[in-house]
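Undergrad: Structure below; questions to follow.
Here, each number is a calculation from the coordinates, and none is a lab measurement. Just so we're clear, the structure is a prediction, and the values are computed from it rather than from any experiment. A quick note on method: Cβ atoms are made from the backbone with ideal geometry, for glycine too, and the neighbour counts reach across all protein chains shown.
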Amino acid sequence: MMKRDEVLKVIHEHRGNAVVVAHFHTAFDMMRVASHPLNYYSVGAMGQASSHGLGLALGLPERKIIVVDGDGSLLMNLGTLVTIAEAAPPNLIHFVGENGVYETNGSHPLPGIGRTDFPAMARAAGFRKVYRIETIADLRTELPEILSQNEPVFCSLMMVEGEQSREDWLYINGPKHRAEFAQGLKAARAASNR
Amino acid sequence: MFEYPGPKGSSITAALKAANIEFVVALPDITTSDGLLWPLSRDPDLKLVRLCKEDEGVSICAGLAVAGKRSVLLMQNTGYLDSVNAIRAIGVEFERPVCMIVGLLSKEPHLKPSESGRYAVRLMEPLIDVMGVERIGIETDDDVAKLAPAIARAFESSKPMVALIERMVRP
């Protein structure tokens, strides 16, 4: 099992100019260990991170979009796997951190824990590039290949909570973050056009 | 009883193009299916994203808007009801220009939405109003003229809007 903050550090090292979409505790960890102007936390409703990611991927085809979802969140929006596979944006990577609990709501266990096979669900939904990673060493090895695919990628990350991060709900849900992301995206696009 | 004809799908499509819409994000709705969604699905100028659930569409439209692309979410009133939390958070609180075209399933043609015997239809206008979302009604082809300006206002103000389709859309 990997610690989430360590996972995020590794993704951050490899992200390049990608947008990274995250929500809840993953967003708080990113603010602490993987801060970046192209971090997108404005998800709003549980389960919606991958759908924001799909919209961003369709609207920004020149840029990789990395979603770092949770297993509980994915359960709230399972149809997203089919919708993403159907739309098939070549620039979308859908990571799902599997910690087996509704962490934000008191860490109660997910239904189906130990029986639910998210990579199998992704394959059945139409993803052809599917990964399951359990160690930081494997993540480092696999990430370059994952990020270089030209079709949607699904990747389960077996993880546990790492070091506690400060929960700044006002920031991730507030106008300051949305304005900062918009400014970051504008600057990144301008830099890409130079 | 005289049946006023509903709006034409071709008029709605023209309004979407006039409003610079590039993406239609949709879950089929019987009010707009034959007259609007099927023709849209064959229109080379518009990109169609087919959904499994309507609240996905709220987020997809928001992501597209952040990327600078204009889209509309086409769905049934029951889909709006199912997506209230996403519309509340992403459209209203996050001020994303999520533009929704919502067919009123089984609305009686001779009644206003507020007079419908269908609770899910009767609920729509007060629900949209209490959420503070701009709405327009499209009952006839003349009403379609309201659509492109309403979409333009949504993007200018970065606020969500709803167009309620009150009669079966004609092909």
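Undergrad: With charges set only on the Cβ (+1 for Lys and Arg, -1 for Asp and Glu), what does the dipole of the stretch B:9-165 come to about its Cα centre, in debye to the nearest 20?
TA: Dipole of the stretch B:9-165, to the nearest 20 debye: 280 debye.
Undergrad: Is there a quick way to get the dipole size of the stretch B:1-82? I mean about its Cα centre, with the Cβ of Lys and Arg at +1 and of Asp and Glu at -1; what is the value in debye to the nearest 20?
TA: Result for the stretch B:1-82 is approximately 320 debye, rounded to the nearest 20.
Undergrad: About the Cα centre of the protein assembly as shown, what is the dipole size in debye to 20, counting +1 per Lys and Arg Cβ and -1 per Asp and Glu Cβ, all else neutral?
TA: The calculation lands at about 740 debye.
Undergrad: Another one. Quick one: if you stick a label point 7 Å off each Cα along the C-beta vector at B:PHE155 and B:ASP129, how many nm between them?
TA: 3.0
Undergrad: To continue, here is another question. Between A:SER35, A:SER148, A:SER107, which gets the highest mean-square fluctuation from a Gaussian network model of chain A, Cα cutoff 10 Å?
TA: Comparing A:SER35, A:SER148, A:SER107 in the GNM, the peak value goes to A:SER107.
Undergrad: Which of B:PHE94, B:PHE155, B:PHE23 moves the most in a Gaussian network model of chain B with Cα springs under 10 Å?
TA: Greatest mean-square fluctuation among the candidates belongs to B:PHE94.
Undergrad: For the stretch B:1-109, rounded, prolate or oblate, judged on the Cα gyration tensor with a ≥ b ≥ c (square roots of eigenvalues), a/c < 1.5 rounded, else prolate if a/b > b/c?
TA: Since a/c reaches 1.5 but b/c is at least a/b, the shape of the stretch B:1-109 is classed as oblate.
Undergrad: Continuing with this model, one more query. With both partners inside the stretch B:20-171, how many of the DSSP beta bridges are antiparallel, as a percent to the nearest 5?
TA: 0
Undergrad: Just for the protein assembly as shown, what percent of DSSP beta bridges are antiparallel, to the closest 5?
TA: Rounded to the nearest five, the antiparallel share is 5 percent.
Undergrad: Of the DSSP beta bridges with both residues in chain A, give the percent that are antiparallel, rounding to the nearest 5.
TA: Around 5 percent of the beta bridges assigned by DSSP in chain A are antiparallel ones.
Undergrad: Per DSSP H run of n ≥ 4, the term is -39500 (n - 2.57); total these for chain A, divide by its residue number, and report the mean residue ellipticity at 222 nm rounded to 500 deg cm²/dmol.
TA: The helix contribution divided over chain A gives -13500 deg cm²/dmol.
Undergrad: Please compute P(r) over all alpha-carbon pairs of chain A, binned at 5 Å starting from zero, and give each bin as a whole-number percent.
TA: In whole percents, the pair-distance histogram is 1, 8, 17, 23, 22, 17, 9, 2, 1, 0.
Undergrad: Using 12 Å as the cut-off for backbone N distance, which residues of the stretch A:94-122 belong to the label zone defined by a point 7 Å from the Cα of A:GLU134 along Cα→Cβ?
TA: Hits in the stretch A:94-122 for A:GLU134 at 12 Å: none.
Undergrad: Give me a single rounded figure for B:64-73: the average over its residues of other chain Cβ atoms within 10 Å of their Cβ.
TA: For this peptide, the per-residue mean of nearby foreign Cβ atoms is 5.
Undergrad: Something else now. Which of the three applies to the stretch B:18-76, rounded, prolate or oblate, going by the alpha-carbon gyration tensor with a ≥ b ≥ c and a/c under 1.5 meaning rounded?
TA: Cα axes put the stretch B:18-76 in the oblate bin.
Undergrad: Please name which of B:LEU51, A:ILE66, A:MET121 has its Cα lying farthest along the dipole of the protein assembly as shown towards the positive end, using unit charges on Cβ (Lys, Arg +1; Asp, Glu -1) and the Cα centre as origin.
TA: Positive-end residue among those listed: A:ILE66.
Undergrad: For the protein assembly as shown, just run the numbers: alpha carbon Rg, then divide by 2.2 N^0.38 Å, N being how many residues it has.
TA: It is 1.01.
Undergrad: List A:HIS14, A:HIS36, B:HIS110 from most exposed to least, where exposure is judged by having the fewest other Cβ atoms within 10 Å.
TA: B:HIS110, A:HIS14, A:HIS36
Undergrad: Here's a follow-up. Work out, in µm²/s and without decimals, the Stokes-Einstein translational diffusion coefficient of the stretch B:81-171 at 37 °C, 0.692 mPa s, Rh from Kirkwood over C-alpha pairs.
TA: 243
Undergrad: Additional query: Compute the normalised compactness of the stretch A:34-85: alpha-carbon radius of gyration over 2.2 N^0.38 Å, N being the residue count.
TA: The reported ratio for this selection is 1.13.
Undergrad: Residue-wise, which Karplus ³J(HN,Hα) couplings in Hz belong to the stretch B:121-136, taking 6.51 cos²θ - 1.76 cosθ + 1.60, θ = phi - 60°, and x for glycine or proline?
TA: 7, 4, 6, 4, 4, x, 5, 4, 5, 5, 7, x, 9, 5, 9, 10
Undergrad: Hey, fewest Cβ within 10 Å first, where do B:TRP38, A:TRP169 land in order?
TA: Going from least to most buried by this count: A:TRP169, B:TRP38.
Undergrad: What aspartates and glutamates does B:LYS107 reach when the alpha-carbon gap must be under 12 Å and sequence neighbours fewer than 8 apart in one chain are set aside?
TA: B:GLU115, B:GLU139, B:GLU166
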